[in-house]
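Structure record follows, encoded as structure tokens.
The values are calculated or read from the model by the stated rules, or taken from the named source; none is laboratory data. The structure presented is a predicted model; accordingly, all values stated were derived computationally and were not measured. Here the Cβ positions follow ideal geometry from the backbone for every residue, glycine too, while neighbour counts run over all protein chains shown. Remember, those area values only see protein heavy atoms, side chains included, never the ligands or the DNA or RNA. Shrake-Rupley method; radii C 1.70, N 1.55, O 1.52, S 1.80 Å.
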Amino acid sequence: MAKLIIICGPSGVGKKTIYHDIIKQPKYNCVYSVSMTTRKKRNDEQDGKDYFFVNKTQFMKAIKQGQLLEYTKYIDNFYGTPKKFIHEKIKKGLNIVLEIEINGLKQILANNFLRKENLLTIFIEPTTFTDLKKRLIKRHTEKLSIIEKRIQQAKWEMKAKNLFQYVITNKKVEVAQKELISIFNKELLKE
Ligand code: 5GP
């Protein structure tokens, strides 16, 4: 049975760098769920690949029509997971990777969308908040006022890490990747 793999972690912690290549390995049978967001597209992002970039009216319409599996307001923007894609891929027996924040995970846990054994939840944490702030500044994707808000959000998110089956500390990317690979080997290749 396919698993919904939920990867969470504070903004800037390096989630994508860690999982990007690993989830593409054919043996893990994974597909990436592209979220919908009202956030502005960054220079290095592609519509339909990184996110479906929509305006607030379109996002509200998606909520109203029940198109989203979960959604949240994060800082000043909305983010949500389109339901149709998830249903289609589950039917095909594929593992689906969702990179979402904590409120989204809580909704998925609360609505019993899948049984617990079909969920794989992983939290990626920074070594320190100072390190996290440095990473966010270096990324040059948000202005300082937004970075401060993301750090505050990170402090709240860190308190929820006990909700997860696995916690990876991103001290060194290569080490974090090895940890993720061993989780995937154990959880996805066991049959
Ligand atoms: P960013 O703006 O940095 O791309 O994302 C901000 C936060 O929103 C990150 O923690 C990211 O994981 C989360 N996020 C992205 N897509 C979704 C989604 O579909 N649902 C929820 N709940 N969070 C999302």
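Tabulated data for the structure shown
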{"read-out": "Ratio of the Cα radius of gyration of the stretch 1-67 to 2.2 N^0.38 Å, where N counts its residues", "value": "1.30"}
{"read-out": "Alpha-carbon spread of the chain, three principal axes, descending order, Å", "value": "46, 42, 30"}
{"read-out": "Phe53 accessible area, assembled protein chains, probe 1.4 Å, Å²", "value": "40 Å²"}
{"read-out": "Heavy-atom accessible area per residue - the stretch 4-187, 1.4 Å, Å²", "value": "54 Å²"}
{"read-out": "In the stretch 71-115, the trypsin sites (Lys or Arg not before Pro) that fall in loop regions by DSSP, at most 12 other Cβ within 10 Å", "value": "Lys92, Arg115"}
{"read-out": "Percent accessible area from carbon and sulfur atoms, the chain, protein chains only, probe 1.4 Å", "value": "52 percent"}
{"read-out": "Computed P(r) (all Cα pairs; the stretch 89-168; 5 Å bins; percent)", "value": "3, 12, 21, 20, 16, 12, 9, 6, 1"}
{"read-out": "Pairwise label distance in nanometres, His87 with Glu187, each label 7 Å out on the Cα-Cβ vector", "value": "2.5 nm"}
